[in-house]
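Notes for the one structure printed next.
The values are calculated or read from the model by the stated rules, or taken from the named source; none is laboratory data. Predicted model only: the values in this text are computed from it and were never measured. Using ideal geometry, Cβ is built from the backbone for each residue, glycine included, and neighbour counts are taken over all protein chains shown. The protein model used for the area step is the full one, side chains on, heavy atoms only, and it has no ligands, DNA or RNA in it. Shrake-Rupley method; radii C 1.70, N 1.55, O 1.52, S 1.80 Å.
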Amino acid sequence: MKKILIFSFLLTTSAISFSALENSAVESTMNITATIIKPLTVQADGALDFGNILASSTSHAYSSFTVKGEENTKVKISFDNLSSDGSSFTVPIYSNNKDFFNITFNCTAKNSPGNFLNHTNNTIILTDGGESTLSIAATAQPRKDQTPGKYTGQITMRATYE
């Protein structure tokens, strides 16, 4: 009987102790928010058309990309699989017989002329209207022995929110 009384006492004491610990718990509330933003779109505003070029001559062409999205947000710009020398990129264009030559181009935001985008300077800020136009200025200089024919290639620009 004495053991039952001791056991009952310990059980009652433990229950009281645990309820006292439970009453000393603290808590905090974390608010959750989410803002859905506009998806980014990128559009080429025209082809870089050099027209007819003589071998070993230099020709220039101009076009642009327009990026649209959430107003006043940072957007990272990149060009897929292209090498850069700092202020310009190089992209090959090919003929049907697999001959090629390189086109060199630079990219600047129209509202920031002379600020060339490259692998390290690659962020723009969309305007109050949620867009930015990126100017592409390109130079073609085929080799002296360039095979005559039509040459084609592509520039793929990628935009991602920062």
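Summary of values
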| item | result |
| --- | --- |
| Cα-projected label distance for GLN43 with GLU162, points at 7 Å along beta-carbon direction, nm | 2.5 |
| Overall Cα dimensions of region 43-111, principal axis frame, Å, largest first | 45, 22, 22 |
| Signed unit charges on C-beta, dipole axis of the chain, positive-most listed residue GLY129, ASN102, ALA61 | ASN102 |
| Dipole in debye (nearest 20) - the chain, about Cα centre, beta carbon charges: Lys, Arg +1; Asp, Glu -1 | 460 |
| Estimated distance in nm for a label pair at TYR62 and VAL26, the labels positioned 7 Å out from Cα along Cα-to-Cβ | 6.5 |
| Solvent exposure of the chain as accessible area per residue, Å², 1.4 Å probe | 71 |
| Stretch gain in nm, segment ASN111-LYS144, where the contour uses 0.36 nm per residue and the Cα spacing is subtracted | 8.1 nm |
| Structure-based [θ]222 nm, the chain - -39500 (n - 2.57) summed over DSSP H runs of at least 4, per residue, nearest 500 | -4500 deg cm²/dmol |
| Taking the convex hull of Cα positions in region 91-142, its mean projected area over all directions (nm²) | 4.9 |
| Cα convex hull of the chain, projected area averaged across orientations, nm² | 19.3 |
